[in-house]
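Sharing a structure below in structure tokens format, with a few things to ask.
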Amino acid sequence: MTDSKPSKSEQKRVQLALQSLGEQLLDLPDDLVSELDLDETLLQAITDYRRMKSHEDRRRQRQYIGKLMREVDPAPIQQLVDRLRAEDRREKRVFATAERWRDRLISDRTEALRAFETDIGKPVPELQGLLNELDHSYNDTAERAVRRQIFRQIHAALVAGAADG
């Protein structure tokens, strides 16, 4: 006789996964949580959790949220969490790329500027001006300010290139 019911271990894994997904809800901004069309009880539990200060109260509330998650379709929540993770990874990659380009532009100047403009597919005349300004920085504070401006220009160009492509 075959039992089609999941094992206790499998049930426990599913429950822990739902609790973990519920905990991820706690980290989301209110506007995103409200988009999910969640049960009123679950929304109230999330609101209550955010007001709690005691570690033990919050721990118990997380367990309660995990229990409430058993009654909810987890697919839309998981899709939202996955989308946000992908956006976060993309933003971190753009930031790291901008840092590398900034360092390369500061050290290699003209060659690196041509390579950067080729990479993004359009000229960025502001960068040449900032690189020239960097040469004429009169102190460390001014140099740091110009480096930040260079980074912002690079980051903006990379973000615009990502939005276009």
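The values are calculated or read from the model by the stated rules, or taken from the named source; none is laboratory data. Predicted, not measured: the structure shown is a model, and the values here were computed from it. We place every Cβ from the backbone using ideal geometry, glycine too, and count neighbours over all the protein chains shown. These area figures cover heavy atoms from the full protein model, side chains too; ligands, DNA and RNA do not enter into them. Shrake-Rupley method; radii C 1.70, N 1.55, O 1.52, S 1.80 Å.
If I go through the range 33-47 residue by residue, how many of them are open to solvent by 10 Å² or more (accessible area, probe 1.4 Å) and either assigned to a loop (DSSP other than H, G, I, E, B) or free of Cβ contacts under 8 Å to residues at least 40 places away in the same chain (or both)?
Here the count works out to 10.
If we scan the range 95-103, do we find a residue that is under 30 Å from R144 (Cα atoms), small (G, A, S) and surrounded by 15 or more Cβ atoms within 10 Å (Cβ to Cβ)?
Yes: the range 95-103 contains one or more residues that are under 30 Å from R144 (Cα atoms), small (G, A, S) and surrounded by 15 or more Cβ atoms within 10 Å (Cβ to Cβ).
One line per residue, one yes/no per condition, for (1) open to solvent by 30 Å² or more (accessible area, probe 1.4 Å); (2) closer than 30 Å to L25 by Cα:
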site	(1), (2)
R89	yes, yes
D108	yes, no
A112	no, no
P123	yes, no
Q128	yes, no
N132	yes, no
S137	yes, no
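Kindly evaluate S4 against the criterion of being surrounded by fewer than 15 Cβ atoms within 10 Å (Cβ to Cβ), of a type in the set (G, A, S) and not in a helix (DSSP H, G or I).
yes
Same structure, new question: For the range 63-80, which positions are surrounded by fewer than 18 Cβ atoms within 10 Å (Cβ to Cβ) and part of a helix (DSSP H, G or I)?
Within the range 63-80, Q63, Y64, K67, P74, A75, P76, Q78, Q79, L80 qualify.
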